[in-house]
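What follows is one structure encoded as structure tokens, with my remarks underneath.
The values are calculated or read from the model by the stated rules, or taken from the named source; none is laboratory data. Keep in mind the model is a prediction, meaning the values are calculated, not measured. FYI the Cβ positions are ideal-geometry reconstructions off the backbone, even for glycines, and counts take in every protein chain you see. Note: accessible area is taken over every heavy atom of the protein model, side chains too, but ligands, DNA and RNA are not part of it. Shrake-Rupley method; radii C 1.70, N 1.55, O 1.52, S 1.80 Å.
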Amino acid sequence: MRIQGLLANATLVCLLLGSISSCDALAAADQAAGKPVIVLWPEGAPGAHGHSEKDIPTLTVHLPSPDKANGCAVVICPGGGYQHLASDYEGHDVAEWFNTFGVAGFVLRYRLAPEYRFPAPLLDVQRAIRFVRAKADDWKVDPHRIGVMGFSAGGHLASTAATHFDAGKRDAADPIDRQSCRPDFAVLAYPVITMTGRFGHTGSKKNLLGENPDPQLAENLSNEKQVTRETPPTFLFHTSEDTVVPVENSVRFYLALREAGVPAEMHIYEQGRHGIGLGTRDPKLAWDLGTWPARLHDWLQLRGLLANR
């Protein structure tokens, strides 16, 4: 059975899980977004503490109209300091924008502090990428044009997915686990990148790693230090005026990409606060900041990611 029919709405997913509380929570999320919600691990996520909404990572599916679909897809990680999710303006709005030019958007609800710390969010985004790749035919997606995008702390998660990945396990019992979790491209919007030094975002670090994290773990998740030539092509957007996540986060990641020979494009705007989403949340600067999505569209087209299958 095609996945759209099997998982047409969150209520049916919950029946598979056998959890009334999960059913109520996911049905509410489905109703709010008006889109199908997919549970990433129907048998329960690795390390899950229970069966409530906070324990169940999901993808909300936004598919473009068939006449526009070009096969490109993006897993979207909203920000929120690894403690909450700005799933509207850094998630569903972004997916709908992608749909306007034929890209499928998959909004990830990943597990959060204080109940969950590393590696739960990384496992969730890796599973999401594997899931979309495994079900590519069902969604008319090209398995070689699946990217990851993140905002703020979600940008850290996306950059972690772009620097910490594997080819999958060919002998895995679960066919989804046989898929690679390497994204084909990455889009990072005012991202947290580093977990060390003065430019790190202390709230994200605390929520992801705890009060006194192992220094080696913090080093390993300072993603500007983990870039290799295998890191996928990356687009970055930030503002110099950002006082929450300093622009140096993007700059250092970009320089690391340059050093590794990875194709990259970065746009830094002089003005603009943190958390502006698609650039329209500050009416006084929307005429300027609202142009960054067009630059992203151009970059995707430049890289051949918008070509029809």
message: Quick check on the range 242-269: of everything there that is open to solvent by 50 Å² or more (accessible area, probe 1.4 Å), in a loop (DSSP other than H, G, I, E, B) and free of Cβ contacts under 8 Å to residues at least 40 places away in the same chain, which residue is farthest from residue 300 (Cα to Cα)?
response: 243
Out of 278, 305, sole residue that is aliphatic (A, V, I, L, M), buried (at least 17 other Cβ atoms within 10 Å of the Cβ), touching a Cys at 6+ places or on another chain (Cβ under 7 Å) and in a loop (DSSP other than H, G, I, E, B): 305
- request: Collect the residues in the range 244-291 that are at pLDDT 95 or above and among the acidic types (Asp, Glu), keeping them in residue-number order.
  value: 248, 259, 265, 270, 288
- request: Could you tell me whether any residue of the range 229-236 is basic (Lys, Arg), modelled with pLDDT of 95 or more and either buried (at least 16 other Cβ atoms within 10 Å of the Cβ) or closer than 25 Å to residue 85 by Cβ (or both)?
  value: no
- prompt: Does the range 112-133 contain any residue that is open to solvent by less than 30 Å² (accessible area, probe 1.4 Å), among the charged types (D, E, K, R) and over 25 Å from residue 264 (Cβ atoms)?
  reply: yes
- request: Could you tell me whether the range 32-45 includes any residue that is among the aliphatic types (A, V, I, L, M), over 25 Å from residue 308 (Cβ atoms) and modelled with pLDDT under 95?
  value: yes
query: Are there any pairs, at least 6 apart or on different chains, whose C-beta atoms fall under 8 Å, with the first in the range 209-235 and among the basic types (Lys, Arg) and the second surrounded by fewer than 18 Cβ atoms within 10 Å (Cβ to Cβ), and if so, which?
result: 225/219; 229/260; 229/261
